[in-house]
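Participant: Please find one structure pasted underneath; my questions will follow.
The values are calculated or read from the model by the stated rules, or taken from the named source; none is laboratory data. Owing to the predicted nature of the structure, the values given are computational and were not obtained by experimental measurement. As a convention, Cβ positions derive from the backbone with ideal geometry for all residues, glycine included, and neighbour counts pool all protein chains shown. Side chains included, ligands, DNA and RNA excluded: accessible areas come from the protein's heavy atoms. Shrake-Rupley method; radii C 1.70, N 1.55, O 1.52, S 1.80 Å.
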Amino acid sequence: MNTSTTSIPDQKKVGMVSLGCPKALVDSERILTRLRADGYAMSPDYAGADVVLVNTCGFLDSAKEESLQAIGEAIAENGRVIVTGCMGDEAEAIRAAHPSVLAVTGAHQYEAVVEAVHEHAPPSQGPFIDLIPQPDVKLTPRHYSYLKISEGCNHSCAFCIIPDLRGKLASRRIDAVLREAEKLVAAGTKELLVISQDTSAYGVDTRHESREWKGREVRAHMTDLARELGQLDIGGGVPPWVRLHYVYPYPHVDAVIPLMAEGLLAPYLDIPFQHASPKVLRAMKRPANEAKVLERLKGWREICPDIAIRSSFVVGFPGETEDDFKYLLDWLEEAQLDRVGAFRFEPVEGAQANALPDPVPEAVKEERYARIMEVTERISAAKLQERVGKTIPVIIDEVGEPDEDGDIGATGRSQADAPEIDGAVYLRNVPAALTAGDIVSAVVEDADAHDLFAAPA
(Lines give C-alpha, C1' and ligand atoms only; values in the text may rest on other atoms or scores of the structure.)
Protein backbone atom coordinates (compact mmCIF):
# COMPACT_ATOMS: atom_id res chain seq x y z
CA MET A 1 0.00 0.00 0.00
CA ASN A 2 1.40 3.35 -1.04
CA THR A 3 1.29 6.16 1.45
CA SER A 4 2.34 9.69 0.93
CA THR A 5 2.79 12.56 3.30
CA THR A 6 2.47 16.23 2.65
CA SER A 7 5.06 18.31 4.46
CA ILE A 8 4.37 21.85 5.49
CA PRO A 9 6.61 24.17 3.43
CA ASP A 10 9.07 26.40 5.20
CA GLN A 11 7.77 29.80 6.21
CA LYS A 12 8.68 32.74 4.03
CA LYS A 13 10.90 35.13 5.98
CA VAL A 14 10.82 38.92 6.14
CA GLY A 15 13.69 41.16 7.20
CA MET A 16 13.16 44.69 8.51
CA VAL A 17 15.36 47.80 8.66
CA SER A 18 13.62 50.50 10.72
CA LEU A 19 14.96 54.06 10.55
CA GLY A 20 13.90 57.33 12.15
CA CYS A 21 11.85 58.11 15.23
CA PRO A 22 10.04 55.87 17.75
CA LYS A 23 6.78 56.50 15.88
CA ALA A 24 8.28 54.76 12.84
CA LEU A 25 9.44 51.91 15.10
CA VAL A 26 5.83 51.38 16.20
CA ASP A 27 4.81 51.29 12.53
CA SER A 28 7.44 48.60 11.94
CA GLU A 29 6.08 46.56 14.86
CA ARG A 30 2.55 46.76 13.46
CA ILE A 31 3.65 45.70 9.98
CA LEU A 32 5.62 42.73 11.29
CA THR A 33 2.80 41.69 13.63
CA ARG A 34 0.39 41.62 10.68
CA LEU A 35 2.83 39.68 8.50
CA ARG A 36 3.45 37.10 11.21
CA ALA A 37 -0.31 36.61 11.53
CA ASP A 38 -0.29 35.96 7.77
CA GLY A 39 2.21 33.12 8.18
CA TYR A 40 5.55 34.86 7.73
CA ALA A 41 8.59 34.41 9.96
CA MET A 42 11.03 37.17 10.87
CA SER A 43 14.61 37.06 9.61
CA PRO A 44 17.35 38.58 11.79
CA ASP A 45 19.66 39.14 8.80
CA TYR A 46 19.63 39.90 5.09
CA ALA A 47 20.79 36.44 4.00
CA GLY A 48 17.84 34.56 5.45
CA ALA A 49 15.10 36.90 4.20
CA ASP A 50 12.88 36.28 1.18
CA VAL A 51 12.19 40.02 1.12
CA VAL A 52 13.54 42.99 3.12
CA LEU A 53 11.40 45.93 4.25
CA VAL A 54 13.12 49.30 4.74
CA ASN A 55 11.04 51.71 6.85
CA THR A 56 12.46 55.09 5.87
CA CYS A 57 12.71 58.53 7.47
CA GLY A 58 12.07 61.63 5.33
CA PHE A 59 12.14 64.44 7.88
CA LEU A 60 15.53 65.99 6.97
CA ASP A 61 17.65 65.75 3.84
CA SER A 62 20.33 63.99 5.91
CA ALA A 63 17.71 61.43 7.02
CA LYS A 64 16.67 60.90 3.40
CA GLU A 65 20.30 60.26 2.47
CA GLU A 66 20.58 57.72 5.30
CA SER A 67 17.39 56.05 4.05
CA LEU A 68 18.73 55.81 0.49
CA GLN A 69 21.98 54.31 1.83
CA ALA A 70 20.01 51.72 3.85
CA ILE A 71 17.96 50.81 0.77
CA GLY A 72 21.19 50.42 -1.24
CA GLU A 73 22.74 48.20 1.45
CA ALA A 74 19.62 46.00 1.56
CA ILE A 75 19.66 45.66 -2.23
CA ALA A 76 23.36 44.79 -2.23
CA GLU A 77 22.96 42.20 0.55
CA ASN A 78 19.60 40.71 -0.45
CA GLY A 79 18.32 42.16 -3.72
CA ARG A 80 14.60 41.96 -2.93
CA VAL A 81 13.58 45.18 -1.19
CA ILE A 82 10.26 46.89 -0.40
CA VAL A 83 10.38 50.50 0.79
CA THR A 84 7.87 52.12 3.15
CA GLY A 85 7.73 54.98 5.66
CA CYS A 86 7.97 58.76 5.48
CA MET A 87 10.27 58.89 2.46
CA GLY A 88 7.91 56.57 0.62
CA ASP A 89 6.05 59.68 -0.58
CA GLU A 90 9.08 60.38 -2.79
CA ALA A 91 8.81 57.21 -4.86
CA GLU A 92 10.38 58.81 -7.93
CA ALA A 93 13.52 59.81 -6.02
CA ILE A 94 13.79 56.34 -4.49
CA ARG A 95 13.37 54.59 -7.85
CA ALA A 96 15.81 57.00 -9.51
CA ALA A 97 18.49 56.01 -6.98
CA HIS A 98 17.48 52.34 -6.76
CA PRO A 99 15.48 51.20 -9.82
CA SER A 100 15.34 47.59 -8.61
CA VAL A 101 13.17 48.16 -5.52
CA LEU A 102 10.11 45.92 -5.69
CA ALA A 103 7.57 48.41 -4.28
CA VAL A 104 7.34 51.78 -2.53
CA THR A 105 4.59 52.76 -0.06
CA GLY A 106 4.14 55.82 2.17
CA ALA A 107 3.95 56.41 5.92
CA HIS A 108 1.59 54.15 7.94
CA GLN A 109 0.18 52.49 4.79
CA TYR A 110 0.08 49.12 6.52
CA GLU A 111 -2.27 47.40 4.07
CA ALA A 112 -0.21 48.48 1.04
CA VAL A 113 3.01 47.14 2.63
CA VAL A 114 1.41 43.80 3.44
CA GLU A 115 -0.04 43.52 -0.07
CA ALA A 116 3.39 44.22 -1.56
CA VAL A 117 4.96 41.46 0.56
CA HIS A 118 2.20 39.04 -0.44
CA GLU A 119 2.82 39.88 -4.10
CA HIS A 120 6.59 39.54 -4.12
CA ALA A 121 6.99 36.77 -1.50
CA PRO A 122 3.65 34.89 -1.38
CA PRO A 123 3.14 33.21 2.01
CA SER A 124 3.94 29.51 1.92
CA GLN A 125 1.79 28.81 4.97
CA GLY A 126 -1.68 30.01 5.80
CA PRO A 127 -2.28 32.48 8.60
CA PHE A 128 -3.50 30.44 11.59
CA ILE A 129 -1.19 27.45 11.13
CA ASP A 130 -0.21 27.59 14.81
CA LEU A 131 -2.71 26.42 17.39
CA ILE A 132 -1.27 28.94 19.85
CA PRO A 133 -1.65 32.57 18.78
CA GLN A 134 1.65 34.41 18.40
CA PRO A 135 2.22 37.57 20.45
CA ASP A 136 2.66 40.91 18.73
CA VAL A 137 6.11 41.63 17.34
CA LYS A 138 8.19 43.97 19.54
CA LEU A 139 11.33 45.67 18.31
CA THR A 140 12.19 47.06 21.74
CA PRO A 141 13.28 45.07 24.83
CA ARG A 142 10.48 43.35 26.72
CA HIS A 143 10.52 45.81 29.62
CA TYR A 144 9.70 49.02 27.73
CA SER A 145 7.28 49.79 24.93
CA TYR A 146 6.25 52.76 22.81
CA LEU A 147 2.54 53.56 22.92
CA LYS A 148 1.47 55.61 19.88
CA ILE A 149 -1.75 57.52 20.57
CA SER A 150 -2.23 59.43 17.32
CA GLU A 151 -0.92 60.09 13.83
CA GLY A 152 -0.27 63.40 12.10
CA CYS A 153 -0.20 66.98 13.32
CA ASN A 154 -2.28 70.17 12.95
CA HIS A 155 0.69 72.55 13.28
CA SER A 156 2.32 74.24 10.30
CA CYS A 157 5.80 74.93 11.65
CA ALA A 158 7.98 76.58 9.02
CA PHE A 159 10.82 74.05 9.31
CA CYS A 160 8.69 70.89 9.30
CA ILE A 161 6.95 68.76 6.65
CA ILE A 162 5.45 66.16 9.02
CA PRO A 163 1.83 67.21 8.22
CA ASP A 164 2.64 66.65 4.53
CA LEU A 165 4.12 63.22 5.27
CA ARG A 166 1.68 61.95 7.88
CA GLY A 167 -1.38 64.16 7.46
CA LYS A 168 -3.49 66.04 9.97
CA LEU A 169 -4.02 64.87 13.55
CA ALA A 170 -5.84 61.53 13.74
CA SER A 171 -6.28 60.31 17.33
CA ARG A 172 -6.80 56.68 18.27
CA ARG A 173 -9.80 55.70 20.37
CA ILE A 174 -9.02 56.01 24.07
CA ASP A 175 -10.28 52.50 24.85
CA ALA A 176 -8.08 51.03 22.10
CA VAL A 177 -5.01 52.83 23.48
CA LEU A 178 -5.74 51.67 27.04
CA ARG A 179 -6.40 48.11 25.89
CA GLU A 180 -3.03 48.05 24.11
CA ALA A 181 -1.29 49.48 27.19
CA GLU A 182 -2.92 46.88 29.44
CA LYS A 183 -1.83 44.12 27.06
CA LEU A 184 1.75 45.41 26.99
CA VAL A 185 1.95 45.55 30.80
CA ALA A 186 0.54 42.02 31.05
CA ALA A 187 3.31 40.88 28.68
CA GLY A 188 6.05 42.32 30.89
CA THR A 189 6.32 46.01 29.99
CA LYS A 190 7.47 48.08 32.98
CA GLU A 191 7.82 51.41 31.13
CA LEU A 192 5.34 52.94 28.66
CA LEU A 193 6.61 55.72 26.41
CA VAL A 194 3.64 57.71 25.10
CA ILE A 195 4.41 59.08 21.64
CA SER A 196 2.71 61.00 18.83
CA GLN A 197 3.44 64.10 16.76
CA ASP A 198 1.63 66.23 19.38
CA THR A 199 0.68 64.39 22.58
CA SER A 200 -0.98 67.46 24.13
CA ALA A 201 -3.45 67.65 21.21
CA TYR A 202 -4.64 64.06 21.66
CA GLY A 203 -8.38 63.89 20.99
CA VAL A 204 -8.79 67.42 19.58
CA ASP A 205 -9.86 65.98 16.22
CA THR A 206 -12.54 63.78 17.82
CA ARG A 207 -13.70 66.55 20.18
CA HIS A 208 -12.33 64.44 23.03
CA GLU A 209 -14.98 61.77 22.54
CA SER A 210 -15.65 59.52 25.53
CA ARG A 211 -15.54 55.73 25.56
CA GLU A 212 -16.40 53.24 28.26
CA TRP A 213 -13.39 51.74 30.02
CA LYS A 214 -13.59 49.53 33.12
CA GLY A 215 -17.19 50.59 33.71
CA ARG A 216 -16.57 54.35 33.45
CA GLU A 217 -16.52 57.00 30.75
CA VAL A 218 -13.03 58.16 29.76
CA ARG A 219 -12.29 61.04 27.36
CA ALA A 220 -9.75 60.98 24.54
CA HIS A 221 -7.70 63.65 26.30
CA MET A 222 -4.09 63.69 27.48
CA THR A 223 -4.98 64.17 31.16
CA ASP A 224 -7.57 61.35 31.17
CA LEU A 225 -5.15 59.08 29.32
CA ALA A 226 -2.32 59.85 31.75
CA ARG A 227 -4.55 59.23 34.78
CA GLU A 228 -5.76 55.87 33.41
CA LEU A 229 -2.27 54.68 32.47
CA GLY A 230 -1.22 55.44 36.04
CA GLN A 231 -3.85 52.94 37.25
CA LEU A 232 -2.15 50.01 35.51
CA ASP A 233 -0.28 47.54 37.72
CA ILE A 234 3.11 45.94 37.01
CA GLY A 235 2.84 43.98 40.26
CA GLY A 236 2.18 44.74 43.90
CA GLY A 237 -0.01 47.73 43.07
CA VAL A 238 2.93 49.54 41.43
CA PRO A 239 2.15 51.50 38.24
CA PRO A 240 4.47 51.33 35.22
CA TRP A 241 6.78 54.20 34.46
CA VAL A 242 4.59 56.27 32.13
CA ARG A 243 6.70 58.74 30.16
CA LEU A 244 5.12 61.54 28.08
CA HIS A 245 6.92 62.57 24.88
CA TYR A 246 6.33 65.37 22.32
CA VAL A 247 4.24 67.42 24.74
CA TYR A 248 3.46 70.95 23.51
CA PRO A 249 3.07 73.24 26.57
CA TYR A 250 -0.64 73.94 26.24
CA PRO A 251 -2.34 75.14 29.46
CA HIS A 252 -3.87 71.73 30.26
CA VAL A 253 -0.37 70.24 30.59
CA ASP A 254 -0.37 71.76 34.10
CA ALA A 255 -2.95 69.14 35.09
CA VAL A 256 -0.56 66.19 34.63
CA ILE A 257 2.10 67.53 37.02
CA PRO A 258 0.13 66.54 40.18
CA LEU A 259 -0.13 63.00 38.73
CA MET A 260 3.68 62.92 38.69
CA ALA A 261 3.81 64.14 42.28
CA GLU A 262 1.41 61.30 43.21
CA GLY A 263 3.64 58.71 41.52
CA LEU A 264 1.14 57.83 38.79
CA LEU A 265 3.38 59.21 36.03
CA ALA A 266 7.14 59.29 35.67
CA PRO A 267 8.26 62.84 36.59
CA TYR A 268 9.43 63.55 33.05
CA LEU A 269 8.21 65.81 30.24
CA ASP A 270 9.61 65.97 26.73
CA ILE A 271 8.66 69.41 25.36
CA PRO A 272 9.89 70.55 21.92
CA PHE A 273 10.56 74.23 22.66
CA GLN A 274 12.82 74.65 19.56
CA HIS A 275 13.89 78.22 20.50
CA ALA A 276 13.26 81.04 23.00
CA SER A 277 13.66 84.25 20.99
CA PRO A 278 10.17 85.64 20.25
CA LYS A 279 11.31 86.79 16.81
CA VAL A 280 12.67 83.36 15.84
CA LEU A 281 9.63 81.56 17.26
CA ARG A 282 7.35 83.76 15.15
CA ALA A 283 9.44 82.98 12.06
CA MET A 284 9.15 79.29 12.94
CA LYS A 285 5.36 79.76 13.26
CA ARG A 286 5.43 78.49 16.82
CA PRO A 287 3.90 79.96 19.99
CA ALA A 288 6.09 82.76 21.38
CA ASN A 289 5.36 82.79 25.13
CA GLU A 290 8.81 81.99 26.51
CA ALA A 291 8.40 84.20 29.62
CA LYS A 292 5.20 82.46 30.67
CA VAL A 293 6.88 79.09 30.10
CA LEU A 294 9.58 80.01 32.64
CA GLU A 295 6.87 80.79 35.20
CA ARG A 296 5.18 77.48 34.51
CA LEU A 297 8.45 75.55 34.82
CA LYS A 298 8.91 77.11 38.25
CA GLY A 299 5.36 76.15 39.23
CA TRP A 300 5.80 72.57 37.99
CA ARG A 301 8.96 72.17 40.07
CA GLU A 302 7.16 73.45 43.16
CA ILE A 303 4.49 70.76 42.72
CA CYS A 304 6.91 67.99 41.67
CA PRO A 305 10.53 68.81 42.66
CA ASP A 306 11.87 65.68 40.91
CA ILE A 307 10.43 66.55 37.49
CA ALA A 308 12.93 66.29 34.61
CA ILE A 309 12.32 68.45 31.55
CA ARG A 310 13.83 67.43 28.22
CA SER A 311 13.73 69.56 25.10
CA SER A 312 15.34 70.18 21.74
CA PHE A 313 16.43 73.40 20.06
CA VAL A 314 17.28 74.50 16.54
CA VAL A 315 20.25 76.82 16.02
CA GLY A 316 20.97 78.72 12.83
CA PHE A 317 17.35 79.15 11.74
CA PRO A 318 17.09 81.68 8.86
CA GLY A 319 17.19 85.21 10.27
CA GLU A 320 18.58 84.15 13.67
CA THR A 321 20.89 86.94 14.81
CA GLU A 322 23.60 86.85 17.45
CA ASP A 323 21.18 88.67 19.78
CA ASP A 324 18.52 85.99 19.17
CA PHE A 325 21.04 83.28 19.97
CA LYS A 326 22.24 85.03 23.14
CA TYR A 327 18.58 85.38 24.18
CA LEU A 328 18.26 81.58 23.82
CA LEU A 329 21.39 80.97 25.91
CA ASP A 330 20.16 83.34 28.65
CA TRP A 331 16.76 81.62 28.61
CA LEU A 332 18.42 78.22 29.01
CA GLU A 333 20.43 79.50 31.98
CA GLU A 334 17.18 80.50 33.66
CA ALA A 335 15.12 77.50 32.58
CA GLN A 336 17.72 74.97 33.85
CA LEU A 337 16.37 72.14 31.68
CA ASP A 338 17.56 68.67 32.61
CA ARG A 339 18.09 67.18 29.16
CA VAL A 340 18.72 69.18 25.98
CA GLY A 341 19.34 68.19 22.39
CA ALA A 342 20.41 70.75 19.79
CA PHE A 343 20.26 70.63 16.01
CA ARG A 344 21.73 72.80 13.31
CA PHE A 345 18.99 74.10 11.00
CA GLU A 346 18.83 72.04 7.83
CA PRO A 347 16.62 72.92 4.85
CA VAL A 348 13.99 70.31 4.08
CA GLU A 349 12.45 70.07 0.63
CA GLY A 350 8.92 71.44 0.80
CA ALA A 351 9.38 73.34 4.09
CA GLN A 352 8.29 76.99 4.27
CA ALA A 353 11.54 77.99 6.00
CA ASN A 354 13.49 77.45 2.79
CA ALA A 355 12.05 80.69 1.37
CA LEU A 356 12.96 82.82 4.40
CA PRO A 357 15.62 85.53 3.96
CA ASP A 358 18.96 85.85 5.76
CA PRO A 359 20.19 82.24 5.90
CA VAL A 360 22.80 81.66 8.60
CA PRO A 361 26.23 80.63 7.25
CA GLU A 362 27.28 77.05 8.01
CA ALA A 363 30.33 78.20 9.98
CA VAL A 364 28.11 80.34 12.23
CA LYS A 365 25.72 77.39 12.75
CA GLU A 366 28.64 75.22 13.85
CA GLU A 367 29.93 77.88 16.23
CA ARG A 368 26.48 78.39 17.80
CA TYR A 369 25.94 74.64 18.05
CA ALA A 370 29.22 74.29 19.97
CA ARG A 371 28.24 77.14 22.31
CA ILE A 372 24.76 75.81 23.10
CA MET A 373 26.14 72.33 23.77
CA GLU A 374 28.75 73.80 26.12
CA VAL A 375 26.06 75.65 28.10
CA THR A 376 23.63 72.73 28.28
CA GLU A 377 26.37 70.25 29.25
CA ARG A 378 27.44 72.53 32.10
CA ILE A 379 23.84 72.80 33.33
CA SER A 380 23.34 69.03 33.01
CA ALA A 381 26.56 68.29 34.91
CA ALA A 382 25.56 70.60 37.77
CA LYS A 383 22.05 69.13 38.01
CA LEU A 384 23.34 65.55 37.99
CA GLN A 385 25.92 66.42 40.65
CA GLU A 386 23.03 67.44 42.92
CA ARG A 387 21.80 63.83 42.79
CA VAL A 388 25.00 62.38 44.25
CA GLY A 389 24.21 60.79 47.61
CA LYS A 390 20.51 60.36 46.84
CA THR A 391 18.67 57.05 46.53
CA ILE A 392 16.76 56.72 43.26
CA PRO A 393 14.78 54.02 41.42
CA VAL A 394 16.60 52.56 38.41
CA ILE A 395 15.17 50.38 35.65
CA ILE A 396 17.73 47.84 34.42
CA ASP A 397 18.43 47.65 30.68
CA GLU A 398 21.42 45.31 30.64
CA VAL A 399 23.38 43.18 33.10
CA GLY A 400 27.06 42.49 32.42
CA GLU A 401 29.28 39.48 32.98
CA PRO A 402 31.30 39.11 36.21
CA ASP A 403 34.78 40.68 36.09
CA GLU A 404 37.97 39.01 37.35
CA ASP A 405 36.92 39.79 40.95
CA GLY A 406 33.44 38.40 40.42
CA ASP A 407 31.79 41.84 40.50
CA ILE A 408 28.85 42.34 38.18
CA GLY A 409 27.91 45.68 36.65
CA ALA A 410 24.66 46.77 35.08
CA THR A 411 23.36 49.60 32.92
CA GLY A 412 20.01 51.19 33.67
CA ARG A 413 18.12 54.45 33.64
CA SER A 414 16.56 56.76 36.19
CA GLN A 415 13.11 58.25 35.74
CA ALA A 416 14.86 61.27 34.19
CA ASP A 417 16.26 59.12 31.36
CA ALA A 418 14.29 57.94 28.33
CA PRO A 419 15.85 55.07 26.36
CA GLU A 420 18.14 55.90 23.43
CA ILE A 421 18.01 59.72 23.88
CA ASP A 422 19.01 60.52 27.48
CA GLY A 423 21.71 59.41 29.89
CA ALA A 424 22.27 56.18 31.78
CA VAL A 425 22.88 54.95 35.31
CA TYR A 426 25.91 52.64 35.62
CA LEU A 427 25.62 50.28 38.58
CA ARG A 428 28.42 48.33 40.26
CA ASN A 429 28.28 45.19 42.41
CA VAL A 430 24.75 44.17 41.46
CA PRO A 431 23.26 40.82 42.54
CA ALA A 432 23.76 37.91 40.14
CA ALA A 433 20.00 37.40 40.00
CA LEU A 434 19.38 40.88 38.55
CA THR A 435 17.77 40.88 35.09
CA ALA A 436 16.74 43.43 32.47
CA GLY A 437 13.44 45.03 33.43
CA ASP A 438 14.00 44.89 37.17
CA ILE A 439 13.45 48.18 39.00
CA VAL A 440 15.88 48.60 41.90
CA SER A 441 16.82 51.28 44.41
CA ALA A 442 20.34 52.65 43.99
CA VAL A 443 22.55 55.16 45.78
CA VAL A 444 24.17 57.66 43.41
CA GLU A 445 27.92 57.79 44.04
CA ASP A 446 29.17 60.00 41.20
CA ALA A 447 28.07 61.86 38.05
CA ASP A 448 29.44 63.40 34.88
CA ALA A 449 27.75 65.67 32.33
CA HIS A 450 25.30 63.01 31.14
CA ASP A 451 25.34 59.87 33.31
CA LEU A 452 25.12 58.71 36.92
CA PHE A 453 27.25 56.09 38.68
CA ALA A 454 25.62 54.15 41.50
CA ALA A 455 25.47 51.03 43.64
CA PRO A 456 22.43 49.03 44.85
CA ALA A 457 20.92 50.55 47.98
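Participant: Those residues that are of a type in the set (Lys, Arg) and either more than 24 Å from Tyr144 (Cα to Cα) or open to solvent by 30 Å² or more (accessible area, probe 1.4 Å) (or both), I need them from region 8-23; list them, please.
Facilitator: Result: Lys12, Lys13.
Participant: Answer yes if at least one residue in region 24-45 is touching a Cys at 6+ places or on another chain (Cβ under 9 Å), surrounded by 17 or more Cβ atoms within 10 Å (Cβ to Cβ) and not in a helix (DSSP H, G or I), and no otherwise. I'd like the intermediate steps shown before the answer.
Facilitator: Here is the first cut: in region 24-45, the residues touching a Cys at 6+ places or on another chain (Cβ under 9 Å) are 24.
Pick out the ones that are also surrounded by 17 or more Cβ atoms within 10 Å (Cβ to Cβ) and you get 24.
Next, only the ones that are not in a helix (DSSP H, G or I) stay: none.
So far as region 24-45 goes, no, none of its residues is touching a Cys at 6+ places or on another chain (Cβ under 9 Å), surrounded by 17 or more Cβ atoms within 10 Å (Cβ to Cβ) and not in a helix (DSSP H, G or I).
Participant: On to the next question. Within region 187-199, is there a residue that is farther than 16 Å from Lys148 by Cβ, open to solvent by less than 30 Å² (accessible area, probe 1.4 Å) and at pLDDT 95 or above? Steps first, please.
Facilitator: Taking region 187-199 first, the residues farther than 16 Å from Lys148 by Cβ are 187-188, 190.
From what's left, open to solvent by less than 30 Å² (accessible area, probe 1.4 Å): 188.
Narrowing the set further to residues that are at pLDDT 95 or above leaves none.
There is no residue in region 187-199 that is farther than 16 Å from Lys148 by Cβ, open to solvent by less than 30 Å² (accessible area, probe 1.4 Å) and at pLDDT 95 or above.
Participant: If you take the residues in region 324-378 that are within 23 Å of the chain's Cα centre (by Cα), of a type in the set (Gly, Ala, Ser) and under 30 Å from Leu452 (Cβ atoms), which one is surrounded by the most Cβ atoms within 10 Å (Cβ to Cβ)?
Facilitator: Ala342
Participant: Can you tell me which of Glu377, Glu404 is at pLDDT 95 or above, of a type in the set (Asp, Glu) and more than 15 Å from Tyr268 (Cα to Cα)?
Facilitator: Details: Glu404 fails: at pLDDT 95 or above.
Selected residue: Glu377, the only one of Glu377, Glu404 that is at pLDDT 95 or above, of a type in the set (Asp, Glu) and more than 15 Å from Tyr268 (Cα to Cα).
Participant: Out of region 277-299, which residues are out of contact with any strand residue (DSSP E or B) (no Cβ under 8 Å at 6 or more places or on another chain), under 20 Å from Ser380 (Cα atoms) and open to solvent by less than 30 Å² (accessible area, probe 1.4 Å)?
Facilitator: Residue satisfying the conditions is Val293 alone.
Participant: Out of region 187-203, which residues are under 17 Å from Leu139 (Cα atoms) and free of Cβ contacts under 8 Å to residues at least 60 places away in the same chain?
Facilitator: Once the filter is applied, which keeps residues that are under 17 Å from Leu139 (Cα atoms) and free of Cβ contacts under 8 Å to residues at least 60 places away in the same chain, region 187-203 yields Ala187, Thr189, Leu192, Val194.
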